Amino acid sequence: MGKKKTRRKKQNRTSIRHNFLQPFFLTFCVVTAAGVSALAAYLWIVAPAKRVDNSHFQLTKEVVERGEVAKEEQIEEIITVNDKYADILNDPDYMVENNIYAKEADSPDEVTITFAGDILFDDNYAVMARVAQNGGDITYGIDSELIREMQGADIMMLNNEFPYSDRGEPLEDKQFTFRAKPSTSSYLNEMGVDIVSLANNHAYDYGEAAFLDTMATLEDAGILYVGAGHNLQEASRPVCYIMNNIKIAIVSATQIERLDNPDTKGATDSTPGVFRCWNGDKLLETVREAAENNDFVIVYLHWGTENETAIDWAQEKQAAEVAEAGADLIIGDHPHCLQQISSVKGVPVVYSLGNFWFNSRTLDTGMVKVTLSEDGMKSLQFIPCQQSGSRTALLKGEEKERLLNYMQEISVGVKIDEDGYVMW
């Protein structure tokens with residue numbers, strides 16, 4: 001951003017006066033040039049906080065390709081639209097320190113956030129076979145219409161149930177261990193995913209090296225992650241978005257595995273790992289703090305009992321605690337099947353979204369689409385889908401009606417209409 005100017009001096013050899021003044025003029029030019037260079041260096045190196053840091057403004061690919069002027073114009077527009085938070089958006093150091101990101105919403109009046117459950121990109125499992133056989137085309141695993149639905153959300157989130165790495169060894173004595181090539185992270189971009197949870201029981205399947213590679217891979221792909229970090233402070237820290245004058249916090253943690261010394265290492269003050277919440281004190285502290293500093297708090301939890309449609313006592317207990325701490329929405333996964341949608345202390349709880357695209361079994365699944373305004377949550381919609389033959393697609397017609405009726409049957413204290421909208 002610093003600009004250097006060069007001057008060329010015209011010399012007159014026939015003028016005694018000019019010859020006399022020449023040393024002084026040369027000195028003046030040298031001093032001036034040095035001053036300009038020093039000022040430019042200061043603006044670029046010493047005082048970067050005065051420059052807008054693009055890294056925490058999620059810019060469209062088209063804007064990035066159009067260059068720096070287009071970036072600055074979009075950033076200015078984002079700040080104008082979010083005037084309530086202009087001080088934060090004009091302080092890039094604060095945004096970086098507090099994990100705050102800003103982006104434009106499709107609508108000037110609302111923000112849409114869509115959630116899905118577990119995904120798997122491991123080449124050694126059937127879920128990737130069909131994609132691999134068709135030149136790596138992700139639409140052979142996730143239907144193109146469903147992908148368009150995902151891409152249409154202002155924020156799209158799901159659970160990344162594996163590490164990205166070429167390193168590490170599978171953990172001993174663990175029945176299922178997953179690992180995907182770092183290059184497959186590009187599928188997240190194609191699917192329209194903005195943020196993933198790493199707070200699950202498979203993020204550490206190939207040890208610390210692969211776990212660290214996972215975070216680096218996602219960063220390189222421009223995908224945000226939550227629920228994991230190089231230490232506990234990072235792992236427990238929410239990701240925050242500012243959109244349409246709404247500040248949204250997303251917290252993620254895992255109850256699994258429910259052991260004192262789990263295979264999936266929990267982060268500590270000095271070691272990397274996931275954010276564990278079997279002992280929920282730190283989670284509740286995090287949610288309370290998020291509620292104090294944000295307009296809307298989402299808690300995405302890895303919990304429950306595998307292949308059980310009924311919620312367990314630990315889910316029920318922690319849902320009430322998290323709602324009491326200040327969460328506005330609780331989204332769950334891990335059981336590999338759908339579980340009920342309920343209201344706990346006035347807070348919507350989607351206990352499990354099940355597998356989104358995870359294996360070759362035929363399983364009902366779905367997404368949840370939430371619409372927010374400055375006044376709060378406008379709507380919550382369950383979008384019926386099904387995984388079958390290693391491919392996930394939207395359900396329609398009678399099959400859509402069947403799944404919505406099933407969700408109504410298992411859901412307590414809420415009404416789900418024919419379009420999937422949930423009322424409580």
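The values are calculated or read from the model by the stated rules, or taken from the named source; none is laboratory data. These figures come from a predicted structure and were not determined experimentally. Here the Cβ is made from the backbone with ideal geometry for all residues, glycine too, and neighbour counts use every protein chain on show. Only protein heavy atoms, including side chains, enter the accessible area calculation; ligands, DNA and RNA are left aside. Shrake-Rupley method; radii C 1.70, N 1.55, O 1.52, S 1.80 Å.
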Report task. May I ask you to verify whether Leu372 is touching a Phe, Trp or Tyr at 6+ places or on another chain (Cβ under 9 Å), open to solvent by less than 30 Å² (accessible area, probe 1.4 Å) and farther than 15 Å from Asp118 by Cβ? Result -> yes
Report task. Starting from the stretch 313-326, keep only residues that are modelled with pLDDT of 95 or more, then list their pairs with residues that are in a helix (DSSP H, G or I) and among the basic types (Lys, Arg) whose Cβ atoms are within a distance under 9 Å, requiring at least 6 positions of separation or different chains. Result -> Ala325/Arg288; Gly326/Arg288
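Residues checked against (1) closer than 25 Å to Met156 by Cα; (2) exposed (fewer than 15 other Cβ atoms within 10 Å of the Cβ):
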{"residue": "Asp263", "(1), (2)": "no, no"}
{"residue": "Asp269", "(1), (2)": "no, yes"}
{"residue": "Pro272", "(1), (2)": "no, no"}
{"residue": "Lys282", "(1), (2)": "no, no"}
{"residue": "Val299", "(1), (2)": "yes, no"}
{"residue": "Asp328", "(1), (2)": "yes, no"}
{"residue": "His336", "(1), (2)": "yes, no"}
{"residue": "Tyr351", "(1), (2)": "yes, no"}
Report summary line: Counted residues in the stretch 175-186 being open to solvent by less than 40 Å² (accessible area, probe 1.4 Å), assigned to a loop (DSSP other than H, G, I, E, B) and closer than 18 Å to Asp220 by Cβ come to 0
Report summary line: Among (1) open to solvent by 10 Å² or more (accessible area, probe 1.4 Å); (2) β-branched (Val, Ile, Thr); (3) under 16 Å from Gly354 (Cα atoms), Thr392 falls short only on (1)
Query - From the options Glu208, Glu172, residue that is assigned to a helix (DSSP H, G or I) and surrounded by fewer than 19 Cβ atoms within 10 Å (Cβ to Cβ) - result: Glu208
Report summary line: Note on the stretch 63-84: residues basic (Lys, Arg) and closer than 21 Å to Glu374 by Cα are Lys84
**Report entry** Selected residue (criterion: most open to solvent (accessible area, probe 1.4 Å)) from residues of the stretch 104-125 that are closer than 19 Å to Gly152 by Cβ and hydrophobic (A, V, I, L, M, F, W, C)
**Finding:** Ala105
Report task. Pull up the stretch 64-78, narrow it to residues that are among the β-branched types (Val, Ile, Thr) and at pLDDT 90 or above, then point me to the one that is surrounded by the fewest Cβ atoms within 10 Å (Cβ to Cβ). Result -> Val69
